[in-house]
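The values are calculated or read from the model by the stated rules, or taken from the named source; none is laboratory data. Quick caveat, the model's predicted, so the values are computed rather than measured. Don't worry about glycine lacking a Cβ; one is built from the backbone with ideal geometry, like all the others, and counts go over all protein chains shown.
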């Protein structure tokens, strides 16, 4: 279940994770750059999840086509 952007949890994020769609055909280097762009602006993610870990939270973004389009505009 997707979470809303939460500034409190954001302050406690110690890990990030990006889950790509199964039909993803983006090369790994491009995925790396798109992932960095998505995590730089987590408030805009379509499907965001905060997972509690021992020392804080892991921010997980489940990437959608909309996210890919938005991040592509940032990355170029």
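Figures for the structure shown
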{"item": "Counted residues, the stretch 34-57 - those being farther than 14 Å from residue 69 by Cβ and out of contact with any strand residue (DSSP E or B) (no Cβ under 7 Å at 6 or more places or on another chain)", "result": "5"}
{"item": "Within the stretch 49-63, tally of residues that are in contact with a helix residue (DSSP H, G or I) (Cβ under 8 Å, 6 or more places away or on another chain) and either without any contact (Cβ under 8 Å) to a residue 12 or more places away in the chain or in a loop (DSSP other than H, G, I, E, B) (or both)", "result": "1"}
{"item": "Output for the stretch 20-40, where each listed residue is at pLDDT below 95 and part of a loop (DSSP other than H, G, I, E, B)", "result": "21, 22, 23, 24, 25, 26, 27"}
{"item": "Residue in the stretch 5-19 that is under 17 Å from residue 65 (Cα atoms) and modelled with pLDDT under 95 present", "result": "no"}
{"item": "Residue 66 being free of Cβ contacts under 8 Å to residues at least 12 places away in the same chain and more than 10 Å from the chain's Cα centre (by Cα)", "result": "no"}
